[in-house]
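Take a look at the structure set out below.
The values are calculated or read from the model by the stated rules, or taken from the named source; none is laboratory data. Not measured: the values here are computed from a predicted model. Cβ coordinates were reconstructed from backbone atoms using ideal geometry, including for glycine residues, and neighbour counts include every protein chain displayed.
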Amino acid sequence: MTGGPRVKRLKAFSVAAPLVLAVTVAACGGGPAKQATMDEEQAVERAEGIIRQAVDGMTTKPTLERTGPATVGPCIAKDDSSSDDRLQVALFYKLTGVPGTEAGHLVLQARDAWLKQGYKHNSSNEADMSGPFPWVSMRTEPDDFWMEGITGVLDRTNGEGLATLKVTSPCFLPPVRKDG
């Protein structure tokens with residue numbers, strides 16, 4: 001019986017390799033293929049939902065002043081499976097109609113609401129969050145929307161600021177043009 005154990009190992013490998021690949025792809029959430037299926041309208045709708053999640057539970061109800069959607073431009077995340085002409089969009093919301101001293105509290109409440117949704121911190125530290133003008137950078141999983149809550153300084157001596165929220169979509173393909 002020549003090559004018996006070796007043939008069995010090769011057969012086992014040929015069966016196991018696709019299984020390992022399938023599990024690896026599933027564990028990664030499908031990666032870019034999931035993002036490539038999104039269009040601009042869906043990206044904007046999801047971004048607005050993320051903003052609503054942050055604002056709906058705020059104790060002081062701000063008025064939302066929206067800017068955008070603005071096309072961020074070419075996607076800087078490159079991979080081999082997607083076109084280089086992918087885009088991203090961003091929505092900006094200025095939170096108005098509340099005293100300037102509440103701006104920091106609004107950013108903290110947005111952070112807390114996003115944490116309750118299971119979103120992850122990208123950056124920020126306790127000093128950033130405990131000062132009079134906090135900011136936070138977060139992202140959703142697995143769809144990779146990026147959010148920022150920022151307090152802009154209006155009057156440093158009185159601790160007055162202006163809160164803004166920003167959501168940037170993951171990369172998506174631009175609409176297909178139909179010439180005709």
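List of remarks:
- Qualifying residue in the stretch 16-30 (condition: surrounded by 13 or more Cβ atoms within 10 Å (Cβ to Cβ), at pLDDT below 70 and under 16 Å from the mean Cα position of the chain (by Cα)): yes
- Checking residue 122 against (1) farther than 19 Å from residue 153 by Cβ; (2) at pLDDT 90 or above, the condition it does not meet: (2)
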